[in-house]
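Here's the structure, in structure tokens; my notes come after.
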Amino acid sequence: MSTPLPGVRVGAVVLPGPVIAASGTAGHSDELAAYVDLATIGAVVVKSMASFEWQGNPAPRLHAIDGGMINSVGLQGRGTRHWLEHDLVRLTARGARVVASIWGFRASEYESAARELAAAADRITAIEVNLSCPNLDHGREMFAHDEQQIAQVIGAVRSAVPASLPVWAKMSPNTDRLVDLCGVAVASGADALVLTNTVLGLRIDTASRRAVLGNGGGGVSGAAIHAVAVRCVFDVHRAHPQVPIVGVGGVSCANDAIELMMAGANAVQVGTATFADPRAVAKIQRAMLRWARRHGVGSWGEVTGSAH
């Protein structure tokens, strides 16, 4: 049996474990602490927040599907100022490493959110920039699908926070240009890439002949998109082997997580699985450690990219 593995490194960020609670599924603060010791997992990515309060999309917002769910919550939240005053303190009291996810409808709104969070840079592990949002200034096109918009947003966020605070770009799988767009994000100042977000989808209620979600379509997550996430991580790591990657998409067991690491991820996020089992993040991390010891793995670096 090998000795216990050290933590993982995502660029300049060192985490005590390879598993991170994903944005949108771990709440705004320490909601998972009733089930998981947040100090023992890699980090917690809080639900994406803007510099303003936002009510989100009309109900229904979630719908279970085979292999996961489809959602259109719409990034509801009370904004960065409220989060700093009420939620961050609860997370830090738990010993969690906190990744703050931000969004906006315009590059200037991402910058505003980043500037407010910069005041708490000493308590935040990284900023995760959720680029899968519609840009109102460009006809609601998703930021993550346009080189110029990616450069504007990442550049604005990078300039708004201290150089010591890492910026992670969360990219979209809904494009055939992901590899090139990731290169733009890194060139614009992203320290790491988060691959990937939900896949666009739609479900229709055949009784009412209407979409099951109040906003129409939504984002598909869970096991149904795992193979898509693995492909995204694999392709981007092959093209940009020196760029740190956090893999996310359909991780429901240790094997899923290790598969993403072999494809090129330095760490992984677990999201939708926590809806079925709020202890999933910790369970998967423990199972990964057991796998590593069975296979004589001394560090997670041995696993990252080993499928190439």
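Of the residues F143, F275, the one with the fewest other Cβ atoms within 10 Å heads the list, and the complete ranking is F275, F143.
Taking Lys and Arg as +1 and Asp and Glu as -1, the other residues whose beta-carbon sits under 14 Å from that of A185 total -2. Counted by neighbouring Cβ atoms within 10 Å, the residues C182, C133, C232 run from fewest to most as C133, C182, C232. Take every Cα pair under 8 Å whose residues are at least 6 apart in sequence, average their separation, divide by the length of the stretch 186-299, and the relative contact order is 23 percent.
Length gained on full extension, R90 to A276, computed as 0.36 nm times the residue gap minus the Cα-Cα distance: 64.6 nm.
Can you give the Kirkwood hydrodynamic radius for the stretch 74-113, in Å, rounded to one decimal and based on Cα pairs? Hydrodynamic radius (Kirkwood, Cα pairs) of the stretch 74-113 is 11.4 Å. Across the chain, Cα pairs under 8 Å and at least six residues apart give a relative contact order of 21 percent. With one equal scatterer per alpha carbon and no solvent term, the Debye-computed log10 I(q)/I(0) for the stretch 107-208 at 0.18, 0.19, 0.23 1/Å reads -0.80, -0.87, -1.19.
Mean 1/r over all different Cα pairs, inverted: what Kirkwood radius does the chain give, in Å? Its Kirkwood hydrodynamic radius stands at 19.2 Å.
What does the charge add up to near S252, with Lys and Arg as +1, Asp and Glu as -1, over the other residues with Cβ less than 11 Å from its Cβ? With Lys, Arg at +1 and Asp, Glu at -1, the neighbours total -1. Computed from point charges on the beta carbon alone (+1 for Lys and Arg, -1 for Asp and Glu), the dipole magnitude for the chain about its Cα centre is near 620 Debye. The relative contact order of the stretch 246-308, computed from alpha carbon pairs under 8 Å that lie at least 6 residues apart in sequence, is 42 percent.
Each of W168, W300 has some number of other Cβ atoms within 10 Å of its Cβ, and from fewest to most they run W300, W168. FRET efficiency for the pair L200 and S306, taken as 1/(1 + (r/R0)^6) with r the Cβ-Cβ distance and R0 = 30 Å, rounds to 0.45. Going through the DSSP H helices of the chain, which span 15 Å or more along their own axis at the Cα atoms while scoring at least 0.5 as a mean Kyte-Doolittle hydropathy? Sorted by number, the helices that extend far enough and score high enough are 226-239.
Read-outs: derived from the displayed coordinates by stated rules, not from any lab. This is a predicted model, so every value here is computed, not measured. When we count neighbours, we look across all protein chains shown, and the Cβ atoms used for this are built from the backbone with ideal geometry, even at glycine.
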